[in-house]
1. For a quick protection proxy, order the peptides 286-292, 7-13 by their average other-Cβ count within 10 Å, most packed first.
2. When a/c reaches 1.5 or more, the comparison of a/b and b/c decides; with that in mind, is the chain rounded, prolate or oblate per its Cα gyration tensor?
3. Where the centroid of each part is defined by its Cα atoms, how far is region 391-413 from region 15-78 in Å?
4. Could you please rank 317, 409, placing first whichever residue has the fewest other Cβ atoms within 10 Å of its Cβ?
5. Of all trypsin sites (Lys or Arg not before Pro) in region 367-462, which ones are in loop regions per DSSP and have a Cβ with at most 12 other Cβ atoms within 10 Å?
6. Within region 174-210, name every residue whose backbone N is under 19 Å away from a label modeled 7 Å from Cα of residue 229 along the Cβ vector.
7. Could you give the length gained on full extension between residue 42 and residue 396, defined as 0.36 nm per residue of separation minus the Cα-Cα distance, in nm?
8. In debye, nearest 20, what is the charge dipole magnitude of region 111-246 about its Cα centre with +1 on Lys and Arg Cβ and -1 on Asp and Glu Cβ, if you could check?
Amino acid sequence: MDIKELKEKLTYNPKHVQTYIEVDEVKKADEFSEGYKAFLNVAKTEREAVVEAIKQAETAGFVPFEQDKKYVAGDRVYLNNRGKSVIFAVIGKKGCTEGVRIAAAHVDSPRLDLKPNPMYEDSEIAYLKTHYYGGIRKYQWPVIPLAMHGVIVKNDGTIVNICIGEKEGEPKFVISDLLPHLAAKQSERKLYDGIRGEELNVIIGSRPLDNSDESQLVKLNILNILFETYGITESDFLSAEIEMVPAYKADDVGFDRSLIGSYGHDDRVCAYPALKAILNIDIPEKTVLSILTDKEEVGSDGNTGLNSAYLKYFICDLAKAEGLDAWRVMSMSECLSADVNAAYDPTFCDVFDKLNASYLNKGVVITKYTGARGKSSTSDASAEFMGRVRSLLDKNNIVWQIGELGKVDEGGGGTVAKYIANLNIDVVDLGVPVLSMHSPYELISKLDIYMAYRAFYAFFAD
Ligand code: MN
Ligand code: MN
């Protein structure tokens, strides 16, 4: 054997996905990405993602889950958890007798939420005050067009859905920043402090209601527009969840169109393939679940996040209907925690360990553990489960790579993996590398998302 062959045989050296696949598969990845871009554009918030996912699932034969109903192999059901997270399930030939297979992604993304009493006027400009959600770099959010999404629950219980700034011709909203001419002092701030939380105030208007000499007429004019359009008053913001997100659409990036730029890849880039995998699966051996959850970006707490019992209760219901003990079902179950990792960025290479970073276009990334410092606050997947997952991927010719979130002690992060592991389920993170993660315009590779789809599908079909 010559040296080249020996190297190939003995060393781990992941390459560009295109090294391993045929042209027609590249084409399939591009086609898959078209559906993904459409999903991104209609599902910018967790609520919208749940609505769109259920819409697609119903077209594929999924119906609402009914407790205590006896299901048979091939039945397709979903559980809508408060409109902000959803579990899809396809009942397998063996039901839950040997555990279930889970893909768990999240559909919340970092953003700016409105405060409960957000509106004010200053110098005849009307503003909304925000409170950021998840890990954002605050300086990235001024001077980009923003859209307003969410719901308002009025005092009489009626729900008003809000989505302004997405359609052609609709107004946008924006946060201001200083001109460089007057930014000398601001420029001396540390970057994390470049724009402060209380400076993330969204401009929403600047004309007074009329020419009387009353005060606060710009704000009153906006309130009047809101009342006439939606029938809401200022106090209705208290019972609302309004999210400010970037107003632009997902687009191809690069002359070769190999990348997709968008808000909210984290974690729609895993949620969409996890959804598609369960929609496209026929009748699996074991019951399979795709979860699109909420609240991952704020630590998974809250009843729509995976630190709540909603997944556990769902598995309890499945088990009970089959006359099984839920803890036994969970103990035999397996999960791919479908979340992103940071793609290696050559411009900021200092923070990455090149040997253990994930790279754009090198396939779906398996992340054995996340966490911070000495693997604090993570589920470290076992060698056995890592072995099981890599051989599954290899068997199905799915291009994969390993990833670690930055150099040791450089920072860190977490996913839903540890909450699922705490149910005594085998779990590992598997997802797509993202460049500029958590920014208002993240980048992913079309080949990588397609490999993620094939991984979830293979896991369900296995
Ligand atoms: Mn994520
Ligand atoms: Mn994230």
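What follows draws every value from the coordinates through simple rules; no lab data is involved. Because the structure is predicted, anything quoted here is derived from the model rather than measured. With ideal geometry, Cβ positions are generated from the backbone for all residues, glycine too; neighbour counts draw on all protein chains shown.
1. Put in order of decreasing packing, that is 286-292, 7-13.
2. Oblate is the answer for the chain, as a/c is 1.5 or above yet b/c matches or exceeds a/b.
3. The distance from the Cα centre of region 391-413 to that of region 15-78 comes to 23 Å.
4. Ordered by Cβ neighbours within 10 Å, fewest first: 409, 317.
5. Those satisfying the criteria are 373.
6. Under 19 Å, as judged by backbone N against the label point of residue 229, lie 174-176, 201-210 of region 174-210.
7. Between residue 42 and residue 396, full extension yields 124.3 nm more.
8. My answer is approximately 660 debye.
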